[in-house]
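Only one structure is covered here, and it is reproduced in the block below.
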Amino acid sequence: MVKKWIASMLAVCLLIGCTAMAERVTTADLRAAAQADFPDWRFVDDTWYGSGMWYDQMALHYLGSMVQIAEGELRIRGLYAAMDPLKPGDPVPWEIISYASVPLTAEAEARLAAMEPAEIFDPYENELLREVALPGCADFLLNEGEHLTDLLIYPDFLVATVEDGEGRGSLRIGHWDGTAYTKVTATAMGERVWINAIHSWNDGLELWSTAEMWADCDENGVWRLTVVTDGGQYFIGDGYLVDDQCEGVYWTNAWYVWGVPTFPTLLDGLDFAAVPVAAEDAAAMLDTAGFACTAADGVILYDAPEGSVVATCYARLTGKVIAEDGDWVQLQIGSAQEGMTGWFRREDVAFGAAVNEVRCGFPSYDSPDDMAESWYEMWLIAELPGGGWLAQIDVDRVEVVPAEKIGQVGPACDDWSEMEEIWAAP
């Protein structure tokens, strides 16, 4: 009797499961809907993915890409739809991503129009054109005697690598405003350049040249190197380098080397051979003039020369010198928009290259439970007279953090193992 009941329940469950599956929109349904909505476009590829912890609770999402070759252009359109609310036959509320258009010569337009999309695009990277598709594409990026070796198509940029008859290479980026190309960012002709398409997207590129590098585009449309990797790794910031090979930890700036790079970092006109590969070489090429830091723990931060005490600072709180008044120096801590300024007695600060010789004294601490996920790192830089802390967040921002927001506070340490030993001591 029990076996019969179990068999009956299993049949009911299978029936419910089959009914649910029958009511679910499939990838084929969405492909058909897209083709009906965009009849003059051809599919490149499509897929779906799930978000959620458990399979039966996952939200399903559809991603498709289509191509059109017309009016002397190759155009890509990305389609997105949330699958879960949809039922078969429902109109699909597409979210559309329009990519930069690729100008084509007449010969290239005729050739690509006769090719299948899979022959034009790499099947694993839809934005990357196959080698056979390159001739006659985006010729505005080329100088005489050059040819494309790679071309990636993103919503805001065409990103290309080119080569001339002598085997020299360059990176070219066309900036698309939705209707036209407003400018071209171009590196110097010299070292060959490769793009890792799998790890690149629109305003961030992984490059291989004299070393592995990462480049970002800011809100003003300026491309610059931000990471250089070759066995080691260093990050390039606004007035500093971060040497990832140092045994520093997130609560201290011990792994920061302060100064402005004298080697090129802007992609426009950049000679890759002039970019130092090793972090120590990059650090040696910093202009440290105009930087200063607190030279010891216990240095007082004032609101004005002979003014009121703002906080008691730890060693190596670093900023840019923005004013001097006799025996007093004013520093900009963090950015002008999100940081703060303060006055220090000249005898309490180290200047220029000496900044990078001062050992950081920022205390270690337990992370706040509600620390924003966007915070890459937070340093406790000074103690406030009434309790609490001045904290420097992601280098640019300075905020007041109440004492109760910080857990156990310990001494400054240069590596995690040392900190663990101290906190494990009875």
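The values are calculated or read from the model by the stated rules, or taken from the named source; none is laboratory data. Given the structure is predicted, the values throughout are model-derived calculations rather than measurements. Reconstructed Cβ throughout: ideal geometry from the backbone, glycine too, with neighbour counts over all protein chains shown. All accessible areas refer to the heavy atoms of the entire protein, side chains included, with ligands and DNA or RNA removed. Shrake-Rupley method; radii C 1.70, N 1.55, O 1.52, S 1.80 Å.
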Show the residue pairs meeting these rules: Cβ distance below 7 Å; 6+ apart or different chains; first residue within segment 304-326 and in contact (Cβ under 8 Å) with a residue 60 or more places away in the chain and of a type outside the set (Lys, Arg); second residue open to solvent by 40 Å² or more (accessible area, probe 1.4 Å) and part of a strand (DSSP E or B).
309/300; 311/383; 312/300; 312/383
Being out of contact with any strand residue (DSSP E or B) (no Cβ under 6 Å at 6 or more places or on another chain) and closer than 27 Å to residue 407 by Cα is the requirement here; does residue 360 meet it?
yes
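Could you check, for segment 338-350, whether at least one of its residues is open to solvent by 20 Å² or more (accessible area, probe 1.4 Å), at pLDDT 90 or above, outside any loop (DSSP other than H, G, I, E, B) and in contact with a Pro (Cβ under 8 Å, 6 or more places away or on another chain)?
yes
Restricting to segment 167-197, what's the tally of residues that are polar (S, T, N, Q), assigned to a strand (DSSP E or B) and open to solvent by less than 30 Å² (accessible area, probe 1.4 Å)?
Adding up the residues that qualify gives 2.
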Hey, any hits in segment 152-166 for a residue that's open to solvent by less than 40 Å² (accessible area, probe 1.4 Å), closer than 30 Å to residue 287 by Cβ, of a type in the set (S, T, N, Q) and in contact (Cβ under 8 Å) with a residue 12 or more places away in the chain?
no
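Listed here are the residues, each with its yes/no results for (1) surrounded by fewer than 15 Cβ atoms within 10 Å (Cβ to Cβ); (2) in contact with a helix residue (DSSP H, G or I) (Cβ under 6 Å, 6 or more places away or on another chain); (3) farther than 22 Å from residue 413 by Cα.
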| position | (1), (2), (3) |
| --- | --- |
| 251 | no, no, no |
| 254 | no, no, no |
| 258 | no, yes, no |
| 266 | yes, no, yes |
| 281 | yes, no, yes |
| 288 | no, yes, yes |
| 296 | no, no, no |
| 302 | no, no, yes |
Failed item in (1) buried (at least 19 other Cβ atoms within 10 Å of the Cβ); (2) out of contact with any Phe, Trp or Tyr (no Cβ under 6 Å at 6 or more places or on another chain); (3) assigned to a strand (DSSP E or B), with residue 316 passing the rest
(3)
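Looking at 63, 128, 74, 112, can you tell me which residue is assigned to a helix (DSSP H, G or I) and touching a strand residue (DSSP E or B) at 6+ places or on another chain (Cβ under 8 Å)?
Just one listed residue meets the conditions, 112.
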Qualifying residue in segment 81-97 (condition: of a type in the set (A, V, I, L, M), part of a loop (DSSP other than H, G, I, E, B) and out of contact with any helix residue (DSSP H, G or I) (no Cβ under 9 Å at 6 or more places or on another chain))
no
Any idea which of 414, 394, 369 is of a type in the set (D, E, K, R), on the phi < 0 side of the Ramachandran plot and modelled with pLDDT of 65 or more?
414
Qualifying residue in segment 116-125 (condition: among the β-branched types (Val, Ile, Thr) and within 28 Å of residue 64 (Cα to Cα))
yes
For residues that are among the β-branched types (Val, Ile, Thr) and at pLDDT below 90, scanning just segment 397-411, find the one that is nearest to residue 337 (Cα to Cα).
406
Odd one out for residue 252, checked against (1) more than 28 Å from residue 330 (Cα to Cα); (2) among the hydroxyl-bearing types (Ser, Thr, Tyr); (3) at pLDDT below 95
(1)
Over segment 34-52, the set of residues among the small types (Gly, Ala, Ser), surrounded by fewer than 15 Cβ atoms within 10 Å (Cβ to Cβ) and outside any strand (DSSP E or B) is 36, 52
